[in-house]
Amino acid sequence: MRTLLIANRGEIVARIARTARRLGIIPVGVYSDPDRDSPALTHLDAAVHLAGATAADTYLDGPALIDAARRLGADAIHSGFGFLAENAGFASSVLDAGLIWVGPSPQSIAAMGDKLEAIRRAAAVGVPVLPSIRLDDALDLTRVSTEIGFPALVKAAAGGGGKGMRRVERVEELEAAIAAAGGEALRNFGDGTLYLERLVSPARHVEVQVFGDRHGDVIHLFERECSIQRRHQKIIEEAPAPGLGGALRDSLLTAAVSLAESLDYENAGTVEFVVGEDDFAFIEMNTRLQVEHPVTEEITGLDLVEWQLRVARGEPLPATQDEVHHRGHAIEARLYAEDPATGWAPGTGRMVRYRRGPGLARYEESLRSGMVISPYYDPMIAKVITHCATRSDAAAVLASELEAMHLHGPVTNRDFLVATLRHPAFLEGFTTTDFIGDHPGLLDAGPEDATHTIHRAAALWARTLGNRDSDRHWGLAPAHWRNVPAERPFVVLDGHRVEYVVHENRVVVAIDGARDHEATIHDDGATVVEIDGVATPCEVHLEGGNLWVNSPRGQSLFVEQPRFEAHDPTIVAGGPMAPIPGTVTAVLVSAGDEVDEHSDLVIIEAMKMEHRIRARGPAVVVEVLVAPGDQVDAGAVLVHLEERE
């Protein structure tokens, strides 16, 4: 193996390239139109342009990827995770082209890729499984009720990553769940086959990292806990899993290795389980490197990508089971451009400023200041990982690291992550897949009111200095100087009237007529806000009407708005608009239909998520402006509606 094509994008490209170089392997790759300026490309010796923006046109185009490998002289392909990493057909095509495939055999990928077949194989070697049945036209509801029961999960047989999955609380919801999950599975995997599985709740999601070689050896690298999830997709992962009893842990590890051995498994794989108080059951096996592999690397001191490359070259596993040990505790947080408070709606747009925290964590990232977060791919910004002697230390350091980051751009889930890592239930190890639902207050987490007061004073001080610097005629005059009496100056920030006076180094602020807050500013190259004898260092970044303030207490964004209400063009637009760029996957209404508040109108898929566009109130559909398959921009009107009484 001399030259390795990394058939992926973003942070995993940089991650694989680092290890490849250390082993003397030349890393090369590919890039799509939106990824032309990606920092990941700086880690490669060369990369081939794949014309297009969507995944289907670029990173899912197997023949184009193999052609890129030939053009660049690569003799091996690593697909990372996602895209074609678990596509048995692509793996076979790579081998047929005479290239080395860095991953499990096509036979193992195919066997575990069909979730129903995976369940059958797991049961055959004595691994506990959950009751499940295939969903087809001959569905027997009596059998569903007796064998599965409710709540249950509708799942895609060819699925993964939370796609093609719907929770069903009662039998009346089953038909709609099957339609929604089937359509999503067909769009994402090309296969709409579904099955129904008993839902265990509350439960924990625990997975075991396994590794095999072509010499018949299979070992485990311990377990990870991945229970903090939204939309069945992981957000926080850790290793080892907290609170697992010794016997239960041993049973999990043994079950995972037994399944892998039965497959003559080669390379990296992860066996996932649902875990109750004293029992467990198999969910699925992912035949690839996991997104969360860094936490295993941190506690074992091993490089899993190095293991992958060595095994793909035909070498034996670098260590035996007895030689693998773990130390301390590691936690990973996935930082996404998404808004937990609005149903995890993904964000797009320019990241004006991106700055890491103080350097107490490991970062896996592919973003820099000024880059645009595209609507075409997963909205993950970075993975931030800490490794400490104890779990509580790892959580505390990770929360502080995240809190100190500068993220000036689309909304992120950073405040949610920080609040979760500091939540008593998390720290006590009460982590289940229902964690977010059990703690809804985390969804709109953010800096405390006292922190916003400090940040607001810093923002207004910086705004005043900025106005002085840009005023060539009156810049030397005292702030807000008037030659006649006048009301206090004000700005509108986030819909609130903020009156303020700046006098020398003091800022007096009143919000919506409430009592004054007075702050003293010490500005000798760094802005320090002092309120009631407590001084806080702040850093302010102004861009247009946006004022970002960062301090050790977190980050605030204040948006300056016109002081007089402007005309809202969406009021006369006649209907709902696309919240972000995406692809129309379904139109649920026709001209002449009557709809009510919250009626579904159109479904858009963007950034690996489904977004239902709903009516705001009673209306009549005048005209439908989109069709399935259409690409729409943010702000595009989708349906013309006319209000009705």
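The values are calculated or read from the model by the stated rules, or taken from the named source; none is laboratory data. Keep in mind that this is a model prediction, so the values were computed, not measured. Using ideal geometry, Cβ is built from the backbone for each residue, glycine included, and neighbour counts are taken over all protein chains shown.
Return the pair list, or none, for Cβ contacts closer than 7 Å from residues in segment 343-362 that are within 27 Å of HIS387 (Cβ to Cβ) to residues that are of a type in the set (Asp, Glu), at least 6 apart or on different chains. Partner pairs satisfying both residue conditions: GLY357/GLU401; PRO358/GLU401; LEU360/GLU401; ALA361/GLU401.
Residues are listed down the side, and each one gets a yes or a no for (1) small (Gly, Ala, Ser); (2) closer than 24 Å to ARG2 by Cβ; (3) assigned to a helix (DSSP H, G or I):
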{"residue": "ALA20", "(1), (2), (3)": "yes, yes, yes"}
{"residue": "GLY24", "(1), (2), (3)": "yes, yes, no"}
{"residue": "PRO27", "(1), (2), (3)": "no, yes, no"}
{"residue": "ASP35", "(1), (2), (3)": "no, no, no"}
{"residue": "LEU41", "(1), (2), (3)": "no, yes, yes"}
{"residue": "VAL48", "(1), (2), (3)": "no, yes, no"}
{"residue": "GLY52", "(1), (2), (3)": "yes, no, no"}
{"residue": "THR58", "(1), (2), (3)": "no, no, no"}
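Just the residues that are buried (at least 18 other Cβ atoms within 10 Å of the Cβ) and among the acidic types (Asp, Glu), please, taken from segment 11-67. GLU11, ASP35, ASP61, listed by residue number. Would you mind finding the one in ALA122, ALA157 that is aliphatic (A, V, I, L, M) and under 24 Å from THR254 (Cα atoms)? It is ALA122. Which of the residues spanning segment 182-198 are at pLDDT below 90 and not hydroxyl-bearing (Ser, Thr, Tyr)? The answer is GLY182, GLY183, GLU184, ALA185, LEU186, ARG187, ASN188, PHE189, GLY190, ASP191, GLY192. Mind listing just one residue for me: the one in segment 362-388 that is in contact with a strand residue (DSSP E or B) (Cβ under 9 Å, 6 or more places away or on another chain) and of a type in the set (Gly, Ala, Ser) and, of those, nearest to TYR59 (Cα to Cα)? Selected residue: SER366.
Restrict the check to segment 211-223 and report whether at least one residue is part of a strand (DSSP E or B), among the charged types (D, E, K, R), closer than 24 Å to TRP344 by Cβ and not assigned by TED's automatic domain parsing to the domain that holds PRO628. Looking through segment 211-223, none of the residues is part of a strand (DSSP E or B), among the charged types (D, E, K, R), closer than 24 Å to TRP344 by Cβ and not assigned by TED's automatic domain parsing to the domain that holds PRO628. Mind listing just one residue for me: the one in segment 624-645 that is farther than 22 Å from GLY347 by Cα and surrounded by fewer than 14 Cβ atoms within 10 Å (Cβ to Cβ) and, of those, modelled with the lowest pLDDT? Per the criteria, the residue is GLU645. Only a single item in (1) under 21 Å from the mean Cα position of the chain (by Cα); (2) within 30 Å of GLY409 (Cβ to Cβ) is not met by VAL305, and it is number (1). Scanning segment 382-401 for residues that are β-branched (Val, Ile, Thr) and out of contact with any Gly (no Cβ under 9 Å at 6 or more places or on another chain) turns up ILE385, THR386, VAL397.
Considering only segment 13-46, state which residues are of a type in the set (A, V, I, L, M, F, W, C) and closer than 23 Å to ARG350 by Cβ. Correct list: VAL13, ALA14, ALA40, LEU41. For segment 388-404, taking the residues that are farther than 14 Å from ILE236 by Cα and touching a helix residue (DSSP H, G or I) at 6+ places or on another chain (Cβ under 7 Å), the one that is surrounded by the most Cβ atoms within 10 Å (Cβ to Cβ) is identified as GLU403. The single condition among (1) touching a residue at least 60 places away in the same chain (Cβ under 8 Å); (2) under 30 Å from LEU99 (Cβ atoms); (3) crowded, with 18+ Cβ neighbours inside 10 Å; (4) out of contact with any Cys (no Cβ under 8 Å at 6 or more places or on another chain) that ALA260 does not satisfy is (1). Once segment 162-191 is narrowed to residues that are surrounded by fewer than 20 Cβ atoms within 10 Å (Cβ to Cβ) and not in a helix (DSSP H, G or I), the residue that is farthest from the chain's Cα centre (by Cα) is ARG170.
Within segment 39-57, does at least one residue satisfy the condition of being modelled with pLDDT of 95 or more, among the hydrophobic types (A, V, I, L, M, F, W, C), touching a helix residue (DSSP H, G or I) at 6+ places or on another chain (Cβ under 8 Å) and within 18 Å of ASN267 (Cα to Cα)? Scanning segment 39-57 turns up no residue that is modelled with pLDDT of 95 or more, among the hydrophobic types (A, V, I, L, M, F, W, C), touching a helix residue (DSSP H, G or I) at 6+ places or on another chain (Cβ under 8 Å) and within 18 Å of ASN267 (Cα to Cα). Under the condition of being of a type outside the set (D, E, K, R) and in a helix (DSSP H, G or I), the residues counted in segment 103-136 number 14. From the list ALA64, ALA85, the lone residue that is outside any helix (DSSP H, G or I) and small (Gly, Ala, Ser) is ALA85.
With a requirement of 3 or more residues that are at pLDDT 85 or above and closer than 20 Å to ARG644 by Cα, the strands (runs of 3 or more DSSP E) lying completely within segment 535-618 that satisfy it span 600-606.
For segment 495-517, a tally of residues being loosely packed, with under 14 Cβ neighbours inside 10 Å, touching a strand residue (DSSP E or B) at 6+ places or on another chain (Cβ under 6 Å) and at pLDDT below 80 returns 2.
For segment 585-623, the set of residues classified as within 24 Å of TRP344 (Cβ to Cβ), of a type in the set (Val, Ile, Thr) and in contact with a Ser or Thr (Cβ under 8 Å, 6 or more places away or on another chain) consists of ILE603, ILE604, listed by residue number. Taking the conditions exactly as written (surrounded by fewer than 22 Cβ atoms within 10 Å (Cβ to Cβ), touching a His at 6+ places or on another chain (Cβ under 9 Å) and touching a residue at least 40 places away in the same chain (Cβ under 8 Å)), does VAL275 satisfy them or not? In short, no. Restricting the first member to segment 389-416 and to residues that are touching a residue at least 40 places away in the same chain (Cβ under 8 Å), and the second to residues that are of a type in the set (Asp, Glu) and in a helix (DSSP H, G or I), the beta-carbon pairs closer than 8 Å and six or more apart or on different chains are ARG414/GLU403.
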